[in-house]
Amino acid sequence: MHLYWRNKNGARRLPKPIQEYMRRRFGLLPQYLELLRCFEYDGQVKDKQVRRVSIFSPAKAREKDLSIRSRQDLEQHHELLFYEGYIDSAGDAYVADRRTPRVEIKAT
């Protein structure tokens, strides 16, 4: 019997603490959060070790005919980075909105 382990560097579903934080903070629906994907990696915030998370929409990537298979791909296409955050050692999450603001142009 062979077991297949997912590549740890690949995109994955959002961790539960991140989903809960985003639902509370941004008012996002669970159905939308299920569609988002992220890359996780070790990092530091205020001299503390954390698990960093870069969040994007695979649907938006497909709309632009882009394949986002690694964190480096996402860094090359920063317009697809929707949110960034982290989970600390206590399991607490924080996420910041990185989407490009929409600008309305009023006719004069």
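I'm trying to understand the selection: among the residues of segment 23-66, which are at pLDDT below 95, of a type in the set (D, E, K, R) and under 14 Å from Leu80 (Cα atoms)?
Lys60, Arg62, Glu63, Lys64, Asp65, listed by residue number.
Please go through segment 62-80 and pick out each residue that is farther than 15 Å from Thr100 by Cβ and among the hydrophobic types (A, V, I, L, M, F, W, C).
Correct list: Leu66, Ile68.
All but one of (1) under 13 Å from the mean Cα position of the chain (by Cα); (2) closer than 17 Å to Asp92 by Cα; (3) modelled with pLDDT under 95 hold for Ala11; which doesn't?
Evaluating Ala11 over (1) under 13 Å from the mean Cα position of the chain (by Cα); (2) closer than 17 Å to Asp92 by Cα; (3) modelled with pLDDT under 95 leaves (2) as the failure.
Looking for something farther than 15 Å from Lys16 by Cα, exposed (fewer than 11 other Cβ atoms within 10 Å of the Cβ), at pLDDT 90 or above and not polar (S, T, N, Q) - is there at least one such residue anywhere in segment 82-91?
Looking for residues that are farther than 15 Å from Lys16 by Cα, exposed (fewer than 11 other Cβ atoms within 10 Å of the Cβ), at pLDDT 90 or above and not polar (S, T, N, Q), one finds none in segment 82-91, hence no.
The values are calculated or read from the model by the stated rules, or taken from the named source; none is laboratory data. These numbers come from a predicted model, not from an experiment. For neighbour counting, all protein chains shown are included, and Cβ atoms are generated from backbone atoms with ideal geometry for every residue, glycine included.
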